[in-house]
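*Asks:* I have a structure I would like to understand better, so I am pasting it below and will then ask my questions one at a time.
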Amino acid sequence: ITAARFIPSKQLELIIDLMTNKFIFNHASLTIFGDDDHISGIRRELEERAMKKGVSDKVIFAGKTQDLNKKMEASDAFIFASNSEGYPNVIMEALSEGLQVFTLFDFNEIALRNMPNYEVCDTMERMEQKILAFINNITEHRKARSHHHQRTLSILKDIDTKAKESYFEQILAD
(Lines give C-alpha, C1' and ligand atoms only; values in the text may rest on other atoms or scores of the structure.)
Protein backbone atom coordinates (compact mmCIF):
# COMPACT_ATOMS: atom_id res chain seq x y z
CA ILE A 1 0.00 0.00 0.00
CA THR A 2 1.04 3.59 -0.51
CA ALA A 3 -0.72 6.92 -0.18
CA ALA A 4 0.32 10.24 -1.66
CA ARG A 5 -0.69 13.24 -3.67
CA PHE A 6 0.02 12.49 -7.31
CA ILE A 7 2.87 14.93 -7.83
CA PRO A 8 6.33 14.26 -9.32
CA SER A 9 8.23 14.42 -6.00
CA LYS A 10 6.26 11.43 -4.66
CA GLN A 11 7.92 9.22 -7.32
CA LEU A 12 4.98 6.82 -7.54
CA GLU A 13 6.33 5.50 -10.85
CA LEU A 14 9.23 3.92 -8.95
CA ILE A 15 6.83 2.03 -6.72
CA ILE A 16 4.89 0.78 -9.75
CA ASP A 17 8.18 -0.41 -11.25
CA LEU A 18 8.77 -2.61 -8.18
CA MET A 19 5.82 -4.71 -9.31
CA THR A 20 7.76 -5.79 -12.42
CA ASN A 21 9.86 -8.10 -10.24
CA LYS A 22 8.31 -11.52 -10.96
CA PHE A 23 8.45 -12.68 -7.35
CA ILE A 24 6.85 -9.48 -6.07
CA PHE A 25 4.28 -9.61 -8.88
CA ASN A 26 3.35 -13.20 -7.98
CA HIS A 27 3.13 -12.62 -4.22
CA ALA A 28 1.84 -9.08 -3.76
CA SER A 29 -0.38 -6.36 -5.09
CA LEU A 30 -0.06 -2.60 -4.82
CA THR A 31 -2.89 -0.32 -3.79
CA ILE A 32 -2.25 3.38 -4.33
CA PHE A 33 -4.42 5.84 -2.40
CA GLY A 34 -4.50 9.45 -3.54
CA ASP A 35 -5.11 11.29 -6.75
CA ASP A 36 -3.93 14.16 -8.92
CA ASP A 37 -5.57 17.51 -9.53
CA HIS A 38 -7.29 16.13 -12.67
CA ILE A 39 -5.38 18.71 -14.71
CA SER A 40 -1.80 17.47 -14.52
CA GLY A 41 -2.67 14.02 -15.86
CA ILE A 42 -0.24 12.23 -13.54
CA ARG A 43 -2.77 9.57 -12.62
CA ARG A 44 -3.33 8.77 -16.30
CA GLU A 45 0.46 8.58 -16.82
CA LEU A 46 0.82 6.19 -13.88
CA GLU A 47 -2.03 4.00 -15.12
CA GLU A 48 -0.41 3.90 -18.58
CA ARG A 49 2.94 3.02 -17.02
CA ALA A 50 1.38 0.10 -15.12
CA MET A 51 -0.25 -1.07 -18.35
CA LYS A 52 2.99 -0.81 -20.38
CA LYS A 53 4.96 -2.64 -17.69
CA GLY A 54 2.37 -5.44 -17.65
CA VAL A 55 1.42 -4.98 -14.00
CA SER A 56 -1.92 -3.18 -14.28
CA ASP A 57 -3.84 -6.16 -12.88
CA LYS A 58 -1.71 -5.96 -9.69
CA VAL A 59 -1.74 -2.16 -9.27
CA ILE A 60 -4.97 -0.70 -7.92
CA PHE A 61 -5.59 3.03 -8.14
CA ALA A 62 -8.01 3.43 -5.24
CA GLY A 63 -8.36 7.23 -5.28
CA LYS A 64 -8.85 9.29 -2.17
CA THR A 65 -10.17 7.77 1.03
CA GLN A 66 -11.39 9.10 4.35
CA ASP A 67 -10.48 5.89 6.19
CA LEU A 68 -6.86 5.25 5.28
CA ASN A 69 -6.20 3.70 8.70
CA LYS A 70 -8.79 0.99 8.01
CA LYS A 71 -7.19 0.32 4.63
CA MET A 72 -3.81 0.08 6.33
CA GLU A 73 -5.18 -2.48 8.79
CA ALA A 74 -5.79 -4.80 5.85
CA SER A 75 -2.26 -4.36 4.48
CA ASP A 76 1.15 -5.77 5.37
CA ALA A 77 3.52 -3.03 4.21
CA PHE A 78 3.67 0.63 3.32
CA ILE A 79 6.02 1.81 0.55
CA PHE A 80 7.07 5.43 0.27
CA ALA A 81 9.39 6.76 -2.44
CA SER A 82 8.95 10.51 -1.98
CA ASN A 83 12.14 12.54 -2.34
CA SER A 84 10.69 15.51 -0.48
CA GLU A 85 8.49 15.52 2.57
CA GLY A 86 7.56 17.72 5.48
CA TYR A 87 6.40 16.04 8.64
CA PRO A 88 5.81 12.38 7.69
CA ASN A 89 2.23 11.96 8.92
CA VAL A 90 1.42 9.11 6.55
CA ILE A 91 4.55 7.24 7.71
CA MET A 92 3.51 7.75 11.33
CA GLU A 93 0.03 6.39 10.52
CA ALA A 94 1.47 3.33 8.80
CA LEU A 95 3.84 2.66 11.68
CA SER A 96 1.06 3.08 14.21
CA GLU A 97 -0.88 0.35 12.39
CA GLY A 98 2.12 -1.96 12.73
CA LEU A 99 2.89 -1.98 9.01
CA GLN A 100 6.38 -2.63 7.75
CA VAL A 101 7.46 0.69 6.22
CA PHE A 102 9.95 0.95 3.36
CA THR A 103 11.01 4.48 2.42
CA LEU A 104 13.65 6.17 0.27
CA PHE A 105 13.54 9.41 2.22
CA ASP A 106 15.36 9.65 5.55
CA PHE A 107 13.26 11.85 7.82
CA ASN A 108 16.14 12.38 10.26
CA GLU A 109 13.89 11.25 13.07
CA ILE A 110 16.04 9.28 15.49
CA ALA A 111 12.98 7.61 17.00
CA LEU A 112 11.88 6.32 13.59
CA ARG A 113 15.25 4.70 13.02
CA ASN A 114 14.79 2.69 16.21
CA MET A 115 11.53 1.14 15.09
CA PRO A 116 11.80 -2.50 14.05
CA ASN A 117 9.27 -2.05 11.25
CA TYR A 118 10.90 1.00 9.61
CA GLU A 119 13.43 0.64 6.78
CA VAL A 120 15.18 3.52 5.04
CA CYS A 121 16.48 2.22 1.71
CA ASP A 122 19.05 4.35 -0.08
CA THR A 123 18.12 3.05 -3.55
CA MET A 124 15.17 1.37 -5.23
CA GLU A 125 17.32 -1.71 -5.73
CA ARG A 126 17.86 -1.89 -1.96
CA MET A 127 14.15 -1.37 -1.39
CA GLU A 128 13.38 -4.21 -3.80
CA GLN A 129 15.75 -6.51 -1.88
CA LYS A 130 14.15 -5.55 1.44
CA ILE A 131 10.65 -6.16 0.05
CA LEU A 132 11.68 -9.57 -1.31
CA ALA A 133 13.05 -10.54 2.11
CA PHE A 134 9.87 -9.22 3.74
CA ILE A 135 7.64 -11.30 1.44
CA ASN A 136 9.75 -14.38 2.15
CA ASN A 137 9.18 -13.83 5.89
CA ILE A 138 5.59 -12.61 5.77
CA THR A 139 4.38 -15.18 8.31
CA GLU A 140 6.86 -13.95 10.92
CA HIS A 141 5.94 -10.34 10.19
CA ARG A 142 2.26 -11.03 10.67
CA LYS A 143 3.00 -12.70 14.01
CA ALA A 144 5.11 -9.71 15.13
CA ARG A 145 2.71 -7.06 13.85
CA SER A 146 0.76 -6.72 17.08
CA HIS A 147 4.00 -6.25 19.01
CA HIS A 148 5.22 -3.66 16.46
CA HIS A 149 1.87 -1.91 16.71
CA GLN A 150 2.02 -1.59 20.51
CA ARG A 151 5.70 -0.61 20.60
CA THR A 152 5.25 1.95 17.83
CA LEU A 153 2.25 3.55 19.51
CA SER A 154 4.26 3.91 22.69
CA ILE A 155 7.23 5.49 20.88
CA LEU A 156 5.04 7.75 18.74
CA LYS A 157 3.14 8.97 21.76
CA ASP A 158 6.43 10.09 23.30
CA ILE A 159 7.90 11.70 20.18
CA ASP A 160 4.81 13.03 18.42
CA THR A 161 4.52 16.27 20.34
CA LYS A 162 8.28 16.86 20.46
CA ALA A 163 8.72 16.10 16.76
CA LYS A 164 5.85 18.33 15.69
CA GLU A 165 7.11 21.17 17.88
CA SER A 166 10.61 20.78 16.44
CA TYR A 167 9.28 20.64 12.88
CA PHE A 168 7.15 23.77 13.28
CA GLU A 169 9.97 25.62 15.06
CA GLN A 170 12.20 24.84 12.09
CA ILE A 171 9.58 26.18 9.66
CA LEU A 172 9.15 29.36 11.68
CA ALA A 173 12.92 29.85 11.85
CA ASP A 174 13.18 29.66 8.05
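The values are calculated or read from the model by the stated rules, or taken from the named source; none is laboratory data. What you see is a predicted model; the values in this text were computed from it and never measured. Every residue, glycine among them, receives a Cβ derived from its backbone with ideal geometry; neighbour counts consider all protein chains shown. The accessibility values were calculated without ligands, DNA or RNA, using every heavy atom of the protein model including side chains. Shrake-Rupley method; radii C 1.70, N 1.55, O 1.52, S 1.80 Å.
*Asks:* Can you report the number of residues in region 30-47 which are open to solvent by 70 Å² or more (accessible area, probe 1.4 Å) and not in a helix (DSSP H, G or I)?
*Replies:* 3
*Asks:* If you take the residues in region 65-81 that are touching a strand residue (DSSP E or B) at 6+ places or on another chain (Cβ under 8 Å) and part of a loop (DSSP other than H, G, I, E, B), which one is surrounded by the fewest Cβ atoms within 10 Å (Cβ to Cβ)?
*Replies:* THR65
*Asks:* Okay, next question. Would you mind telling me which numbered condition in (1) more than 17 Å from ASP17 (Cβ to Cβ); (2) out of contact with any strand residue (DSSP E or B) (no Cβ under 7 Å at 6 or more places or on another chain) VAL90 fails?
*Replies:* The single condition VAL90 does not satisfy is (2).
*Asks:* From ALA94, ALA133, which residue is modelled with pLDDT of 80 or more, surrounded by fewer than 16 Cβ atoms within 10 Å (Cβ to Cβ) and not in a loop (DSSP other than H, G, I, E, B)?
*Replies:* Every option except ALA133 fails the conditions.
*Asks:* Another one. Name the residue, out of SER84, SER96, that is under 18 Å from MET127 (Cα atoms), out of contact with any Cys (no Cβ under 8 Å at 6 or more places or on another chain) and of a type in the set (Ser, Thr, Tyr).
*Replies:* SER84
*Asks:* Of the residues ALA62, ALA50, which single one is open to solvent by less than 70 Å² (accessible area, probe 1.4 Å), outside any helix (DSSP H, G or I) and either within 20 Å of GLU125 (Cβ to Cβ) or touching a helix residue (DSSP H, G or I) at 6+ places or on another chain (Cβ under 8 Å) (or both)?
*Replies:* None of the other options fit; the residue is ALA62.
*Asks:* Quick one: which residue in ALA163, ALA144 is open to solvent by less than 40 Å² (accessible area, probe 1.4 Å), modelled with pLDDT under 70 and more than 15 Å from the chain's Cα centre (by Cα)?
*Replies:* ALA163
*Asks:* Also, I was wondering about something else. Within region 18-40, how many residues turn out to be touching a helix residue (DSSP H, G or I) at 6+ places or on another chain (Cβ under 7 Å) and closer than 14 Å to GLU128 by Cβ?
*Replies:* Total meeting the criteria: 8.
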